[in-house]
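Enquirer: Can you read through this structure? Questions will come right after.
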Amino acid sequence: MRVEISGVRGEDLRVNMDGDLLRVSGVRQVPVQSDVRRLHQMEIAFGPFERAIRIAVPFDREQVSAHLEDGFLLVSLPKSGAKPRQIEVETA
């Protein structure tokens, strides 16, 4: 999964798995600029945020990883190792 998350530092970001819910939360800090006195238009919201995404396919929860680079968070959800198997039918 790829999430656009520009302006958020890694230390202000949390990624958690809660069952089949992937939660991405954090805080986008207001940039410190002493020379700005008034903003006419703001394209990006600052402050806390959280998104929860239900993952509907089997994946290996122990192998989930997250990488933040150039304003994008890449969360890797490797497929589960479960393979189909033949089940023997027992007869009496």
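Enquirer: Identify all residues within segment 17-31 that are at pLDDT 75 or above, loosely packed, with under 13 Cβ neighbours inside 10 Å and either over 29 Å from the mean Cα position of the chain (by Cα) or over 27 Å from LYS79 (Cβ atoms) (or both); write none if there are none.
Expert: Of everything in segment 17-31, those that are at pLDDT 75 or above, loosely packed, with under 13 Cβ neighbours inside 10 Å and either over 29 Å from the mean Cα position of the chain (by Cα) or over 27 Å from LYS79 (Cβ atoms) (or both) turn out to be GLN29, VAL30.
Enquirer: For a quick check of your reading of the model, give me the residue pairs whose first member lies in segment 7-24 and is on the phi > 0 side of the Ramachandran plot and touching a residue at least 24 places away in the same chain (Cβ under 8 Å), whose second is outside any strand (DSSP E or B) and of a type in the set (A, V, I, L, M, F, W, C), with beta-carbon atoms closer than 7 Å and at least 6 apart or on different chains.
Expert: GLY7/ILE44
Enquirer: Within segment 80-88, identify whether any single residue is modelled with pLDDT of 90 or more and surrounded by 10 or more Cβ atoms within 10 Å (Cβ to Cβ), and answer yes or no.
Expert: No; the residues of segment 80-88 include none that is modelled with pLDDT of 90 or more and surrounded by 10 or more Cβ atoms within 10 Å (Cβ to Cβ).
Enquirer: Need pairs with beta-carbon distance below 6 Å; first residue on the phi < 0 side of the Ramachandran plot and β-branched (Val, Ile, Thr) and within segment 69-92, second surrounded by 10 or more Cβ atoms within 10 Å (Cβ to Cβ) and in a loop (DSSP other than H, G, I, E, B); sequence gap 6+ or separate chains.
Expert: VAL75/MET1
Enquirer: A follow-up question, please. Acidic (Asp, Glu) and touching a residue at least 40 places away in the same chain (Cβ under 8 Å): which single residue out of GLU62, GLU50, GLU4 fits that description?
Expert: Values: GLU62 fails: touching a residue at least 40 places away in the same chain (Cβ under 8 Å); GLU50 fails: touching a residue at least 40 places away in the same chain (Cβ under 8 Å).
None of the other options fit; the residue is GLU4.
Enquirer: Can you tell me which residue within segment 55-79, out of those that are under 24 Å from ARG28 (Cα atoms) and small (Gly, Ala, Ser), is surrounded by the most Cβ atoms within 10 Å (Cβ to Cβ)?
Expert: My answer is ALA66.
The values are calculated or read from the model by the stated rules, or taken from the named source; none is laboratory data. Remember, it's a predicted structure, so these values are computed and weren't measured experimentally. Here Cβ is always computed from backbone atoms with ideal geometry, including for glycine, and neighbour counts include all displayed protein chains.
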